[in-house]
Amino acid sequence: MRYRNFGRTGQQVSERSFGAWAIGGQSYGPVDPAQALDALARAEELGCNLVDTAAVYGDSEAVLGRFLTGRRDRWMVASKYSGQQQGMSALVEEQLRRLGTDRIDFYQIHWAPHGRDEALYAELDRLKRDGKIRFCGVSLRNAADVDRVLAHALIDGIQMPVSLLDPDPLAARRERLRKSGVAVIARSALRGGFLTGKYDEASTFADAADQRSEWDRDRIRATARQARSFSFVAEAAGSAHAGAIAYPLSFPEVSTVVISCKTAAQADANFGDGVPSSLDPSLLSRIERNQRELQLFHAGRAGRLWQRVRGVFARGGR
Ligand SMILES: NC(=O)c1ccc[n+]([C@@H]2O[C@H](COP(=O)([O-])OP(=O)(O)OC[C@H]3O[C@@H](n4cnc5c(N)ncnc54)[C@H](OP(=O)(O)O)[C@@H]3O)[C@@H](O)[C@H]2O)c1
């Protein structure tokens, strides 16, 4: 395992880290807590030292609390406030109890606040000064969110989707992120398993405790089809899974890629030696061409219209 700076915090984190959404048992099907504890222990053996959870991830925080007993200092624990009614400060107290700790290392607001929600930044600051949280950030969705969040100087890091199927918002804001020096946690690199190549257009998710059971056929079909169009990455990186994780790692702005896993076998694959720390520049160029073909960059309506017009001219000119 290699380690990277977690922004300007002075902390070093494993470049691949443990996403604890799946072990909560309510998003990727039920998970036996003993199996979850094995997955966490294997991740630790392989050098993983950051875990990302949230109060809304089923039993995730409680399982993590059991796991962290006697090994708290080996892990950087990240969690989130998701707008719970009792408010952020009261929730943090509850989370500290569940996690069996006296501080949360990286605390995130689960969306990019604006308008009246911006008062939450002052609350983050208070929690930091009180020592309840060490560093703070926001888990966000798009480039406009990045701009809104980086306007707040107290932010130590952000979390955002970065995958072969989600080149934005990282691509759109790389320079701004580099200049700001904030930590970046890249999430959903496997797109719920679709980028490992194990699911296809016909896959079904019947379990109500699996958030993919809410995906309609069109979404499953489109995700599987787009994922398959990146099969050239699997050939170059050794496997689809390795290529999908190495993609976000290829950008130096990314501090760590957070990957959900439910079993020790998945932890082995995700945190073991089989994943390169970056992809070749020529492969990255080919990936970018495919992403443009699939119109995965969110250029805005005007930009997309221009791409379409340009496509029509290009086809006519051939
Ligand atoms: N808004 C937010 O803040 C937000 C949103 C999403 C995620 N996150 C964070 O990001 C983490 C990761 O994101 P994610 O859950 O969206 O997606 P992900 O890591 O892209 O996909 C995870 C799923 O892929 C499958 N998988 C994992 N390892 C595998 C392996 N070695 N081989 C084959 N399949 C494998 C597993 O599902 P199956 O085994 O069931 O197929 C797993 O649950 C989460 O745990 C959470 O910490 C945050």
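The values are calculated or read from the model by the stated rules, or taken from the named source; none is laboratory data. Here the structure is a predicted model, which means the values were calculated and not measured. Using ideal geometry, Cβ is built from the backbone for each residue, glycine included, and neighbour counts are taken over all protein chains shown. To get the accessible areas, we keep the full protein, side chains included, count just its heavy atoms, and leave off ligands, DNA and RNA. Shrake-Rupley method; radii C 1.70, N 1.55, O 1.52, S 1.80 Å.
Details
- Less than 5 angstrom separates the built amide H of Phe135 from those of Phe106, Tyr107, all sequence-distant by 5 or more or on a different chain.
- Computed log₁₀ I(q)/I(0) - Debye formula, equal Cα scatterers, no solvent, the chain, q 0.07, 0.16 Å⁻¹: -0.28, -1.46
- For region 59-187, radius of gyration divided by Kirkwood radius, i.e. Rg to Rh on alpha-carbons: 0.98
- Using R0 = 30 Å, the C-beta based FRET efficiency linking Arg289 and Glu214 works out to 0.40.
- Ordered by solvent-accessible area of protein heavy atoms (1.4 Å probe), largest first, the residues Val257, Val31 come out as Val31, Val257.
- Folded to 0 to 90 degrees: helix 217-228 orientation relative to the chain principal axis, Cα: 70
- 5 angstrom amide H check on Tyr81, placed H, neighbours 5+ away: Gln108, Ile109, His110
- Remark: region 2-104 is approximated by an ellipsoid whose semi-axes, taken from the C-alpha gyration tensor as √(5λ), come to 21, 18, 12 Å, largest first.
- Here the Karplus curve 6.51 cos²θ - 1.76 cosθ + 1.60, taken at θ = phi - 60°, turns the phi angles of region 81-88 into couplings of 9, 10, x, 4, 4, 5, x, 5 Hz, with x standing for Gly and Pro.
- DSSP-defined antiparallel bridges as percent of all bridges, region 112-193, nearest 5: 10
- For the chain, a simple Cβ point-charge model (Lys and Arg +1, Asp and Glu -1, everything else neutral) yields a dipole of about 1140 debye relative to the Cα centre.
- CD proxy at 222 nm, helix term only [per DSSP H run n ≥ 4: -39500 (n - 2.57); per residue of the chain; nearest 500]: -12500 deg cm²/dmol
- Prolate/oblate/rounded call for region 113-249, Cα gyration tensor, a/c under 1.5 rounded: prolate
- Using the average count of surrounding beta-carbon atoms within 10 Å as a protection proxy, the listed peptides 259-266, 222-229 rank, highest first, as 259-266, 222-229.
- Amide H contacts of Gln11 (H built 1.01 Å from N, under 5 Å, at least 5 apart or other chain): Phe6
- Helix 300-317 vs. the chain, principal-axis angle (Cα, 0 to 90°, nearest 10): 30
- Counted charge near Ala236, where neighbours are those whose Cβ lies closer than 12 Å (Asp, Glu -1; Lys, Arg +1): -1
- Counting only alpha carbon atoms, the long axis of helix 240-249 and the longest principal axis of the chain meet at about 70°.
- Comparing Cα centroids, region 55-114 and region 172-225 end up 23 angstrom apart.
- DSSP bridge analysis restricted to the chain gives an antiparallel fraction near 15%, rounded to the nearest 5.
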